[in-house]
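Each reported figure results from applying straightforward, stated rules to the coordinates on display, with no laboratory input. The structure displayed is predicted, hence computed values, not measured ones. Cβ coordinates were reconstructed from backbone atoms using ideal geometry, including for glycine residues, and neighbour counts include every protein chain displayed.
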Amino acid sequence: KELEVECWIKYSSEILIIDPNNIDDSRKKLRKALTSHTLRKMKTINDASIYLAKNGLYPGVVYYTRPESGSTFMSLLMSSTIDKKRTLVASRYNLMMEMPDILSEENFVWVTDSIGAQRNRPVNLTFIIDSIIKRIIENDSFLIFIDIFDLLIVYHSFYDVARAFEQIKSLAIERNIYLILVFGEQAMDHIQFGQITRFALEWKPKSISDLN
């Protein structure tokens, strides 16, 4: 039977049951628990970190997800536990028009060849990556969602874009923040998809869980 514990304990800790009749197995479970990313990465425990943990996200971990999960992430952003000013979304869609209460010029990067204000043309790879990194640092962003990779590899080589994204990944790990990257498996061959997702965990939420 699963133990019933409070969310703050359940989602910020590893629950370990010691079996006195099997010490070797208990030691293995203990070693596994002590190296868990939930323990190593979750240094700050508050409403936001518990809310994100309930939805399968921990800081300092690079996640990837499918394009269809974009709307689910936007639902995640609507929670009052999330400080909108410390989020950053980079997208090929003009989400700022759809969600003006959540996204603004300060926390949104629009990458498109369409006509529109505050747009960034996908041919300007270096400028786009520099803009994302600059905003993460200046706004002290803690929750990042980037859905532009599939568009960028139309204008640049896969490896040029992958190398550029490594800068964002390194920054996210260094600053111990949440990073979700969107990759469409149909946008590249299976070898490239395996390479770009190799050191990332898949985030595939079916729905968003509330804090309480």
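Comparing D19, D150, D101 in a Gaussian network model of the chain where C-alpha atoms under 10 Å apart are linked, the largest mean-square fluctuation is found at D19. Per DSSP H run of at least 4 residues, take -39500 (n - 2.57); add these up for the chain, divide by its residues and hand me the 222 nm value, nearest 500 deg cm²/dmol. Result for the chain: -11500 deg cm²/dmol, rounded to the nearest 500. Roughly what percent of Cα-Cα pairs across the stretch 69-111 reach past 11 Å? Counting every Cα pair in the stretch 69-111, those more than 11 Å apart make up 64 percent. Each of K54 and I133 was given a label point 7 Å from its Cα along the Cα-to-Cβ line. The distance between the two points is 3.6 nm. The ellipsoid equivalent to the alpha-carbon distribution of the stretch 42-100 has semi-axes of 21, 14, 10 angstrom, derived from the gyration tensor eigenvalues as √(5λ) and listed largest first.
Dividing the mean sequence gap of close Cα pairs (under 8 Å, 6+ apart) by how many residues the chain holds gives a relative contact order of 28 percent. Compare R121, R27, R135 in a GNM of the chain, Cα atoms joined below 10 Å, and give the one with the largest fluctuation. Answer for the Gaussian network model of the chain: R27. For the chain, a/c is not less than 1.5, where a ≥ b ≥ c are the root eigenvalues of the C-alpha gyration tensor, and a/b tops b/c. That puts it in the prolate class. Rounded, prolate or oblate: pick one for the stretch 135-212, where a ≥ b ≥ c are the square roots of the eigenvalues of its C-alpha gyration tensor, a/c under 1.5 means rounded, and failing that, prolate if a/b is larger than b/c, else oblate. Judged from the Cα gyration tensor, the stretch 135-212 comes out oblate (a/c at least 1.5, b/c at or above a/b). Does a label point 7 Å from the Cα of N46, set along Cα-to-beta-carbon, have any residues of the stretch 73-106 with amide nitrogen under 20 Å, and which are they? Taking a point 7 Å out along Cα→Cβ of N46, the residues of the stretch 73-106 whose backbone N falls under 20 Å are 76-89, 102-103. Remark: for residue pairs K134/K206; K10/K134; K32/K169; K29/K84; K84/K206, the C-alpha separation exceeds 27 Å in K134/K206; K10/K134; K29/K84.
Take the alpha carbon gyration tensor of the stretch 111-176, find the square roots of its eigenvalues, order them as a ≥ b ≥ c, and report rounded if a/c is under 1.5; if not, report prolate when a/b exceeds b/c, else oblate. Here the stretch 111-176 falls in the oblate category. Of the trypsin sites (Lys or Arg not before Pro) found in the stretch 159-207, those in coil by DSSP whose Cβ has at most 16 other Cβ atoms within 10 Å are R198, K206. From the alpha carbon centroid of the stretch 49-92 to that of the stretch 150-181 is 17 Å.
Extending 7 Å from Cα along the Cβ direction at E105 and again at I17 yields two label points whose distance is 5.7 nm. Shown is the FRET efficiency for D25 and H156, computed with R0 = 41 Å from the Cβ-Cβ distance and rounded to the nearest 0.05: 0.25.
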